[in-house]
Amino acid sequence: MTNMNDQVGALARVRDEDLRGRASGAGARTLLESIVEAEHVHEPAVRPRRVRRFVMAGVAVSTLAAAAVIGPGLLTDGPGLATSYANAAMEIERRGDQWVAKVKDPYADHARYAEAFKAVGLDVGLTLLPSSPTGVGKVVRIGGSGATTPGKGLGGGLEPEGCQMGTTGCALAVTVDVGYTGKGVVYLGRTAQPGERYDNWAPATREGEALHGLKVDERTVGEVRKEAAERGIRSVVTVIDPNEGGGYGYHPDKQPDSVGDDWIVWEAQALSADEVRLLVTKERLDKNPVYDGPKPADLG
Amino acid sequence: MDERRRSRFEAVYADTYEQILGYAVRRCASPDDAADVVAETFAIAWRRIDRLPGGDEARLWLYGVARNVLANHRRGTARHQARTVELDLDLADLYATTPDASVERGVIATAFRDLPADDRELLALVGWEGLERGEIAAVLGCSRNAVRIRLHRARKRFARALEAAGVQVDRVALAGRQR
């Protein structure tokens, strides 16, 4: 027997404790800036433009001010700290006002990355998440902890920018502004190993994914399953419930025993290199519940 | 003046972002919806910064705003603004790994989902946001006594639904937090 509050609590997708540190992450910061800036655009210009600009610039850096003050002397060329470092997992070098940390071994123990950052005086972690091809090199999120703004000054992606993973010289990379004194973690998508389940959510029809070129939405389960199988892709089927007023949900524990070949597919989600999840409903609906309308063309 | 407003907003934002994010993520089926709710809630807070109460009441006031934004969103009348790519990314991973584990937990979840929306929201404000009656009254804009009565009824309905589904209910716990 459990307490009713606990029973309700257990149904929560996340607890507030799980979100700790997000207020200083990239998502929170850019939202704050966009809200405050948008309002400025609409505000009557009652003060000289010069002043207003100053204030706007202030937003971006104000929360970092404390860090910036103690930053430079401590980190740039301070005694005992390297300006480049490499171990088997990662190599870090300073380029201008940024540290660029290239991942040499994306399957290394994450402690090796932290060790490399530490060697140049940074308290930064890197967590690589198995991702579908279109998620590789994408920042999943940037988090951190501490009183300052740990996400500010951190970035991630592919190095050189825009390169194709798997080609020579192309690597996952983290960038850190010189002077960064926070404690941060970058979550970055890496190539999944054979059979490894993806951690990201991507439509399987996107360019680069397993079902690219195949139209899956608004077709029948039978058709899509067959054409996916012709590509060597297995399909699992999940029945979704459209929400009133948009969106959808699904109930892993309440899936029907069988799904008809004539049921309707609305989207295929990449699960691993050879498996997709078809999101289906029994009836054909007026609009695609996954997108509240037609599936956007750029996902096809 | 303007800078004072801004620093106040930044302080409230830093204090409440994670809680409003949690509120939205727990109630929205998709990261897009949750991002809209978070973005619009804080956009409203900034526009009404002069009316934003101080202290912990700011959080309760924001829950109330988020609740209205969510209702508008469900009616399809929401504004779409202020969302950023970074925010979308931040939210995407909250949904990336959860559907199997937490969206549904069998009969309890079904019983909960089938409750009237007002009951669900009351029980959620207690079980998810951890609010007391007085705080819920502030969020919903009603009296503490009204909250007490409505919460009692919601718990009874939930308990009945759970029992009907074969889940044992702790009768003592049914009374909830007596704070």
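Just so it is clear, none of the values below were taken in a lab; they were calculated from the coordinates. Remember, it's a predicted structure, so these values are computed and weren't measured experimentally. Backbone-built Cβ (ideal geometry, glycine too); neighbour counts: all protein chains shown.
Of all alpha-carbon pairs in region A:219-299, indicate the percentage at a distance above 18 angstrom. Show your work: numbers first, answer last.
Working: 1336 of 3240 pairs.
Value for region A:219-299: 41 percent of Cα pairs lie more than 18 Å apart.
Near the amide H of A:Leu285, under 5 Å away, which other amide H atoms are found, from residues 5 or more places off or on another chain, if H is placed in the peptide plane? Under 5 Å from the amide H of A:Leu285: no residue qualifies. In this structure, the amide hydrogen of A:Thr127, modeled 1.01 Å from its nitrogen in the peptide plane, lies closer than 5 angstrom to those of A:Val186, A:Tyr187, A:Leu188, counting only residues at least 5 positions away or on a different chain. Note that region A:96-110 has calculated 3J(HN,Hα) couplings of x, 9, 9, 8, 10, 10, 9, 7, 8, 10, x, 10, 6, 4, 4 Hz, one per residue in order, obtained from phi through the Karplus relation 6.51 cos²θ - 1.76 cosθ + 1.60 (θ = phi - 60°); glycine and proline are x.
Remark on A:Val178: its backbone amide H falls under 5 Å from those of A:Gln98, A:Trp99, a criterion applied only to residues 5 or more positions apart or on other chains, H modelled at 1.01 Å from N.
Computed from phi, the 3J(HN,Hα) profile of region A:173-186 under the Karplus parametrisation 6.51, -1.76, 1.60 (θ = phi - 60°) reads 8, 10, 10, 9, 4, 5, x, 5, 10, x, 10, x, 9, 10 Hz, with x in place of Gly and Pro.
Among all the lysines, which ones have a C-alpha under 19 Å from A:Lys254's C-alpha, if same-chain residues fewer than 8 places away are not counted? Hits, sequence-local ones excluded: A:Lys282. Cross-link reach is defined here as a Cα-Cα straight distance under 19 Å, omitting same-chain residues fewer than 8 places apart; for B:Lys156 none of the lysines meet it. What are the lysines whose alpha-carbon lies under 26 Å from the alpha-carbon of A:Lys104, with same-chain residues fewer than 8 places away excluded? The reachable lysines, counting only those whose Cα sits under 26 Å from A:Lys104, are A:Lys118, A:Lys138, A:Lys152, A:Lys183.
Translational diffusion coefficient of region B:1-100 (Stokes-Einstein, Kirkwood radius from Cα pairs, 10 °C, 1.306 mPa s): 114 µm²/s. Its alpha carbons considered, region A:184-256 gives a radius of gyration followed by a Dmax of 15.2, 47 Å. So the label point goes 7 Å from the Cα of A:Glu196 along Cα→C-beta, right? Which residues of region A:108-134 then have their backbone N under 17 Å from it? Taking a point 7 Å out along Cα→Cβ of A:Glu196, the residues of region A:108-134 whose backbone N falls under 17 Å are A:108-114, A:126-134.
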